[in-house]
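Written out below as structure tokens is the structure these notes cover.
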Amino acid sequence: MMEYFVGLDVSLRNCALCIVDSKGTMLLERELPCEIKDITECLASFRHPIEWVGFEAGTMSQHLFYGLKAEGFDVVCMEARQVNAALSAMRNKTDKNDARGIAQVLRTGWFSPVCIGSGVLRLTRLWPE
């Protein structure tokens, strides 16, 4: 069964969103306001169920983590240094490309999750099948 992973590259006002499938094929890219409502509307319009939504730890982490969890998504906040190391090999550093790279990191499972406040992160699988 195909799985779908969402990478978010987040800034204070906007975020770049990318969805890849379990084979690594990019299926959707969008630039959105960094608001839970806008992100969930975009994800709800995607015709397949989302396995994980991931982003690197930063200023908006708690807002996104709890907001997207409340909307029913499985969310993971990834350790920023690991994500930055993975993305550093990319030639063209743009928000769109970073979102694509974050989705690929999430898909492969090569990251460490960050605990958000009192929330508990639960990952059922860190490695692709």
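The values are calculated or read from the model by the stated rules, or taken from the named source; none is laboratory data. Quick caveat, the model's predicted, so the values are computed rather than measured. Note that each Cβ is placed from the backbone with ideal geometry, even for glycine, and that neighbours are counted across all protein chains shown. Just so you know, the surface numbers come from the protein's heavy atoms only, side chains and all, with ligands and any DNA or RNA stripped out. Shrake-Rupley method; radii C 1.70, N 1.55, O 1.52, S 1.80 Å.
Right, residue 23: of a type outside the set (A, V, I, L, M, F, W, C), more than 23 Å from residue 59 (Cβ to Cβ) and open to solvent by 50 Å² or more (accessible area, probe 1.4 Å) or not?
Yes, satisfied.
State whether the residues of the stretch 56-74 include one that is in a strand (DSSP E or B), open to solvent by less than 60 Å² (accessible area, probe 1.4 Å) and of a type in the set (A, V, I, L, M, F, W, C).
Checked the stretch 56-74: no residue is in a strand (DSSP E or B), open to solvent by less than 60 Å² (accessible area, probe 1.4 Å) and of a type in the set (A, V, I, L, M, F, W, C).
Looking at the structure I just gave you, is residue 41 part of a strand (DSSP E or B), charged (D, E, K, R) and either open to solvent by 10 Å² or more (accessible area, probe 1.4 Å) or under 18 Å from residue 2 (Cα atoms) (or both)?
For residue 41, the condition - part of a strand (DSSP E or B), charged (D, E, K, R) and either open to solvent by 10 Å² or more (accessible area, probe 1.4 Å) or under 18 Å from residue 2 (Cα atoms) (or both) - is not met.
Which residue is modelled with the highest pLDDT, if the candidates are limited to the stretch 75-86 and must be open to solvent by 20 Å² or more (accessible area, probe 1.4 Å), under 15 Å from residue 7 (Cα atoms) and out of contact with any helix residue (DSSP H, G or I) (no Cβ under 6 Å at 6 or more places or on another chain)?
Ranking the candidates gives 79 first.
Starting from the stretch 109-124, keep only residues that are within 16 Å of residue 81 (Cα to Cα), then list their pairs with residues that are at pLDDT below 50 whose Cβ atoms are within a distance under 8 Å, requiring at least 6 positions of separation or different chains.
109/125; 109/126; 109/127; 109/128; 113/121; 113/123; 114/121; 115/121
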